[in-house]
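Below is one structure, written out as C-alpha cells; comments come after it.
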Amino acid sequence: QVQLVESGGGLVQAGGSLRLSCAASGYIRSINTMGWYRQAPGEQRELVATITRSGSTNYADSVKGRFTISRDNSENTVYLQMNSLKREDTAVYYCLAGGVTAPSGYRMDYWGKGTLVTVSS
C-alpha cells in the first residue's frame, strides 16, 4: 500500500506565496510521474503541474511563470512553490503519484486527499 501525505496549504493574500509538499510512503520501488492537480468549487479537477522522474516538467498555462514544481526522488517527495498567487488559484490541491512501481512489479497511480489553498483579495 502507498500513502501520500500533503502539507503546506492555507490562507494567503493575493500576491503572496505558498509551498506545497507531498510525500509518498509505502512499498515503493520507483515513481514515474509526480504532480499536482486542483479542483475549485463547482469545477472539474485540472492539471497544475507534473514532473517526471528525470525532471521533465509540464505546467498549466495559467500557472506558468508563477509556480515551480520540483521533486526529491530519494525521498519520494514532490513540491509546488506557488508565487504571485491570485484569487483564481483558490482550490483544493491534490498530489498525484503516477506509475508507482511496487517491489513486486505491480504498478498503479495514487492520489492524495488534498490540501486547501485559499487566496484572499
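The values are calculated or read from the model by the stated rules, or taken from the named source; none is laboratory data. Just so we're clear, the structure is a prediction, and the values are computed from it rather than from any experiment. Virtual Cβ from ideal backbone geometry, glycine too; neighbours counted across all protein chains shown. Heads up: the accessible areas ignore ligands, DNA and RNA and are worked out on the full protein's heavy atoms, side chains in. Shrake-Rupley method; radii C 1.70, N 1.55, O 1.52, S 1.80 Å.
Just a few scattered comments:
- Coordinate range along principal axes, alpha carbons of segment 1-59, Å, largest first: 39, 24, 22
- On a per residue basis, segment 71-120 carries 49 Å² of accessible surface, using protein heavy atoms and a 1.4 Å probe.
- Of the residues Asp61, Asp89, ranked by 1.4 Å probe accessible area with the largest first, the sequence reads Asp61, Asp89.
- Under conditions of 4 °C and 1.567 mPa s, segment 40-90 yields 107 µm² s⁻¹ as its translational diffusion coefficient, taking Rh as the Kirkwood radius over Cα pairs in the Stokes-Einstein equation.
- Solvent-accessible area of the chain (1.4 angstrom probe, protein heavy atoms only): carbon and sulfur portion equals 45 percent.
- Efficiency of FRET from Cβ geometry, Gln3 and Leu47, R₀ 22 Å, rounded to 0.05: 0.50
- For the chain, excluding the exposed loop sites themselves (chymotrypsin sites (Phe, Trp or Tyr not before Pro), DSSP loop, at most 12 other Cβ atoms within 10 Å), the longest remaining stretch covers 28-105.
- Formal net charge of residues neighbouring Gly99 (Cβ-Cβ distance under 15 Å; K, R +1; D, E -1): +3
- In this rough spin-label picture, where each label sits 7 Å from Cα along the Cβ direction, the Ser104-Ser120 distance is 4.8 nm.
- Taking trypsin sites (Lys or Arg not before Pro) as exposed when their DSSP state is a loop state and no more than 11 other Cβ atoms lie within 10 Å, the longest site-free interval of the chain runs over 1-63.
- Projecting label points 7 angstrom from Cα along Cα→Cβ for Ala60 and Asn83 puts them 2.0 nm apart.
- Size of electric dipole in the chain: Cβ of Lys, Arg +1 and of Asp, Glu -1, about Cα centre, debye, nearest 20: 120 debye
- Measuring max minus min along each principal axis, the C-alpha atoms of the chain give extents of 49, 25, 22 Å (largest first).
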